[in-house]
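K.L.:
Supplied in structure tokens, the structure appears directly below.
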There are 2 protein chains.
Amino acid sequence: ELVAAVTEALGSRSLTGRCVMVTAGPTREPVDPVRYLGNRSSGKTGFAIAAAARRAGARVILVAGPVNLATPPGVERVDVQTAEEMRYAVHAWVGACDLFVGTAAVADYRPAEPAAGKVKRDGEGRTLSLVPNPDILAEVAARPKPPLTMGFAAETGDVEANARAKLASKGIDLVVANEVGEGKGFDTDDNTVTVLWEGGRRRLGPAPKTELARELVALAAARLDGTLQGG
Amino acid sequence: ELVAAVTEALGSRSLTGRCVMVTAGPTREPVDPVRYLGNRSSGKTGFAIAAAARRAGARVILVAGPVNLATPPGVERVDVQTAEEMRYAVHAWVGACDLFVGTAAVADYRPAEPAAGKVKRDGEGRTLSLVPNPDILAEVAARPKPPLTMGFAAETGDVEANARAKLASKGIDLVVANEVGEGKGFDTDDNTVTVLWEGGRRRLGPAPKTELARELVALAAARLDGTLQGG
């Protein structure tokens with residue numbers, strides 16, 4: 001609490017007058033009334049960024065999937081379950097925002113036809129037909145007057161190459177690359193990330209998510225103000 | 001707290017000297033390193049039964065999937081993720097138990113071949129091949145010297161008929177039928193259930209899960225003692 005108070009007192013109010021939207025957490029895609037496809041996002045990164053953006057003076061709208069986290073003070077929160085619900089909430093309010101930070105681990109696929117009743121066990125194998133979900137981040141970047149867009153790339157394998165590909169394919173401004181694996185990435189408190197943009201890069205951490213969140217917000221604020229230097 | 005203390009003081013120690021195993025919560029079946037098939041079990045029912053069995057004097061072993069619940073005082077807890085992990089934990093310790101209460105919403109199916117790396121979005125539909133999971137409750141009932149077995153049937157449609165079918169097909173002693181739907185069953189605090197056994201039935205509730213748990217434990221204790229009357 002003391003550290004937070006001191007950080008706030010010393011920190012710049014670099015986002016005063018700005019609106020920031022953050023998506024956070026997983027989505028759940030129904031298979032039937034009791035089963036779903038989910039993913040292992042804790043939502044900690046997004047909640048930390050929402051809190052940091054609020055401390056930097058912004059109005060913050062947090063669109064959250066099912067997580068067990070308290071809403072940061074002063075943050076406006078919209079709770080959703082599925083990718084389609086998240087998409088609807090995002091487009092309803094993102095037009096007023098200067099910065100969009102997509103930390104949510106939106107399910108890439110959902111069951112094609114969720115069953116109305118619980119599917120019975122029959123001892124046989126079966127297949128589940130999946131259809132692609134909307135790419136919310138790419139949709140936001142493709143809006144007529146898009147906000148500055150920051151995405152996250154939770155990758156295995158060649159992390160930086162995959163993240164650079166995401167920067168180009170989604171048409172976003174900043175991508176935060178982190179490696180997923182034992183003790184790294186989602187559901188952990190400490191993290192190291194590389195921020196990539198057209199013509200630049202910066203490595204941040206290892207640091208707690210709260211400190212990384214503050215640095216990511218400061219970096220985005222510098223980009224909004226046109227003062228971000230290439231790495 | 002006061003109500004709990006009074007209940008404990010007044011309640012019988014009907015399970016003194018007994019060992020009770022309870023499974024609780026959902027299981028998570030990996031699709032790849034970040035995605036999984038899950039289900040909407042909160043684990044509240046199982047944790048309430050574990051607490052009630054402990055208050056009734058039993059040694060209690062609670063095998064829990066991923067939930068956000070505190071371990072009841074005096075209960076021994078084993079945390080697992082997948083159905084296979086739950087199966088392993090159950091068979092490791094159930095031999096010493098007099099009563100097995102299977103409240104866990106074990107996934108009926110798991111992905112046939114979990115991917116080692118994160119599966120990339122490609123804009124196309126795809127299918128996920130699923131294989132049946134072990135039926136842990138039926139396996140316990142089929143052991144050479146099985147404990148008394150109590151299962152739960154979270155059903156939509158003709159609840160009682162489906163539950164009676166489960167009683168027979170799994171070879172268990174007691175089945176607790178509850179209807180899943182808007183405001184009923186999983187993830188709610190209040191509940192109405194029907195307990196079915198060969199030649200009998202009893203309706204319990206509506207009541208809070210903690211009270212239902214106490215009544216279910218008392219009913220199982222009566223059956224263990226040979227004093228349960230048919231409904």
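K.L.:
Give me the residue from segment A:77-104 that is among the small types (Gly, Ala, Ser) and within 24 Å of B:ASP32 (Cβ to Cβ) and, out of that set, surrounded by the fewest Cβ atoms within 10 Å (Cβ to Cβ).
P.N.:
Across segment A:77-104, the extreme among qualifying residues is A:ALA83.
K.L.:
Also, I was wondering about something else. Which is within 14 Å of another protein chain (Cβ to nearest Cβ), closer than 30 Å to B:TYR109 by Cβ, surrounded by fewer than 22 Cβ atoms within 10 Å (Cβ to Cβ) and without any contact (Cβ under 8 Å) to a residue 60 or more places away in the chain, of A:ALA116, A:ALA112?
P.N.:
Just a single option satisfies the conditions, and that option is A:ALA112.
K.L.:
Any residue at all in segment B:86-102 that is assigned to a loop (DSSP other than H, G, I, E, B) and of a type in the set (Val, Ile, Thr)?
P.N.:
Looking through segment B:86-102, none of the residues is assigned to a loop (DSSP other than H, G, I, E, B) and of a type in the set (Val, Ile, Thr).
K.L.:
Let me ask something else. Listed residues B:ALA58, B:ALA107; which is surrounded by 19 or more Cβ atoms within 10 Å (Cβ to Cβ), at pLDDT 95 or above and among the aliphatic types (A, V, I, L, M)?
P.N.:
When all the criteria are applied, what remains is B:ALA58.
K.L.:
Somewhere in segment A:39-55, is a residue part of a strand (DSSP E or B) and surrounded by fewer than 21 Cβ atoms within 10 Å (Cβ to Cβ)?
P.N.:
Among the residues of segment A:39-55, not one is part of a strand (DSSP E or B) and surrounded by fewer than 21 Cβ atoms within 10 Å (Cβ to Cβ), which makes the answer no.
K.L.:
Here are the criteria: (1) at pLDDT 95 or above; (2) over 17 Å from B:LEU137 (Cα atoms); (3) surrounded by fewer than 22 Cβ atoms within 10 Å (Cβ to Cβ); (4) within 14 Å of another protein chain (Cβ to nearest Cβ). Tell me which single one B:ARG28 does not satisfy.
P.N.:
Result: B:ARG28 fails condition (3) only.
K.L.:
Only one of (1) within 13 Å of chain A (Cβ to nearest Cβ); (2) surrounded by fewer than 19 Cβ atoms within 10 Å (Cβ to Cβ); (3) more than 21 Å from A:ARG126 (Cα to Cα) is not met by B:ALA153, so which one is it?
P.N.:
(2)
K.L.:
Hey, another quick one. May I ask you to verify whether B:THR16 is away from chain A (no Cβ under 14 Å), modelled with pLDDT of 90 or more and over 13 Å from the mean Cα position of the chain (by Cα)?
P.N.:
The answer is yes for B:THR16.
K.L.:
Please work out which one of (1) facing chain B (nearest Cβ under 8 Å); (2) part of a loop (DSSP other than H, G, I, E, B); (3) surrounded by fewer than 19 Cβ atoms within 10 Å (Cβ to Cβ); (4) among the aliphatic types (A, V, I, L, M) is the condition A:VAL131 fails and give its number.
P.N.:
Of (1) facing chain B (nearest Cβ under 8 Å); (2) part of a loop (DSSP other than H, G, I, E, B); (3) surrounded by fewer than 19 Cβ atoms within 10 Å (Cβ to Cβ); (4) among the aliphatic types (A, V, I, L, M), only one is false for A:VAL131: (2).
K.L.:
Here is a follow-up. Being part of a loop (DSSP other than H, G, I, E, B) and β-branched (Val, Ile, Thr) is the filter; apply it to segment B:66-82 and report the residue that is farthest from the other protein chains (Cβ to nearest Cβ).
P.N.:
Per the stated criteria, the residue is B:VAL75.
K.L.:
If you go through segment B:201-216 one residue at a time, do you hit one that is out of contact with any strand residue (DSSP E or B) (no Cβ under 7 Å at 6 or more places or on another chain), over 22 Å from B:GLY25 (Cα atoms), at pLDDT 85 or above and more than 14 Å from chain A (Cβ to nearest Cβ)?
P.N.:
no
K.L.:
Being under 17 Å from the mean Cα position of the chain (by Cα), more than 20 Å from B:ARG54 (Cβ to Cβ) and touching a residue at least 24 places away in the same chain (Cβ under 8 Å) narrows it down to one residue among B:LEU212, B:LEU228, B:LEU216, B:LEU196; which is it?
P.N.:
None of the others qualify; the one that does is B:LEU196.
To keep it simple, each residue is scored yes or no on (1) among the small types (Gly, Ala, Ser); (2) more than 20 Å from A:ILE172 (Cα to Cα).
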{"residue": "A:LYS44", "(1), (2)": "no, yes"}
{"residue": "A:ALA48", "(1), (2)": "yes, yes"}
{"residue": "A:ALA53", "(1), (2)": "yes, no"}
{"residue": "A:ALA56", "(1), (2)": "yes, yes"}
{"residue": "A:ARG59", "(1), (2)": "no, yes"}
{"residue": "A:VAL67", "(1), (2)": "no, yes"}
{"residue": "A:VAL78", "(1), (2)": "no, yes"}
{"residue": "A:ASP98", "(1), (2)": "no, no"}
{"residue": "A:GLY102", "(1), (2)": "yes, no"}
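K.L.:
Please tell me if B:GLU124 is over 30 Å from A:PRO132 (Cβ atoms) and either charged (D, E, K, R) or loosely packed, with under 15 Cβ neighbours inside 10 Å (or both). Spell out how you get there, then give the answer.
P.N.:
Details: over 30 Å from A:PRO132 (Cβ atoms): no; either charged (D, E, K, R) or loosely packed, with under 15 Cβ neighbours inside 10 Å (or both): yes.
Judged against the criteria, B:GLU124 is not a match.
K.L.:
Select, from B:ARG164, B:ARG126, the only residue that is of a type outside the set (Gly, Ala, Ser), over 16 Å from the mean Cα position of the chain (by Cα) and over 28 Å from A:ARG110 (Cα atoms). Don't jump to the end; show me each part of the working.
P.N.:
Values: B:ARG126 fails: over 28 Å from A:ARG110 (Cα atoms).
Among B:ARG164, B:ARG126, only B:ARG164 is of a type outside the set (Gly, Ala, Ser), over 16 Å from the mean Cα position of the chain (by Cα) and over 28 Å from A:ARG110 (Cα atoms).
K.L.:
As an exercise: evaluate B:THR149 against (1) in a strand (DSSP E or B); (2) modelled with pLDDT under 95 and give the number of the one condition it does not meet.
P.N.:
Among (1) in a strand (DSSP E or B); (2) modelled with pLDDT under 95, the lone unmet condition for B:THR149 is (2).
K.L.:
Now a separate question. Just to be sure before I move on: is A:THR23 closer than 23 Å to A:PRO132 by Cβ and at pLDDT 95 or above in the structure I sent?
P.N.:
Criteria met by A:THR23.
K.L.:
Checking the structure you have, find out if any residue of segment B:31-44 is among the aliphatic types (A, V, I, L, M) and away from chain A (no Cβ under 14 Å).
P.N.:
no
K.L.:
Considering only residues that are of a type in the set (S, T, N, Q) and over 17 Å from B:ARG202 (Cα atoms), look in segment B:156-179 and name the one that is surrounded by the most Cβ atoms within 10 Å (Cβ to Cβ).
P.N.:
My answer is B:THR156.
K.L.:
Among the numbered criteria (1) closer than 20 Å to B:VAL217 by Cβ; (2) more than 14 Å from every other protein chain (Cβ to nearest Cβ); (3) out of contact with any helix residue (DSSP H, G or I) (no Cβ under 7 Å at 6 or more places or on another chain), which one does B:GLU85 miss?
P.N.:
Looking at each condition in turn, B:GLU85 falls short on (1).
The values are calculated or read from the model by the stated rules, or taken from the named source; none is laboratory data. Keep in mind that what you see is a predicted model, and the values were worked out from it rather than measured. Because the Cβ atoms are built from the backbone with ideal geometry, glycine has one as well, and the counts that use them run over all protein chains shown.
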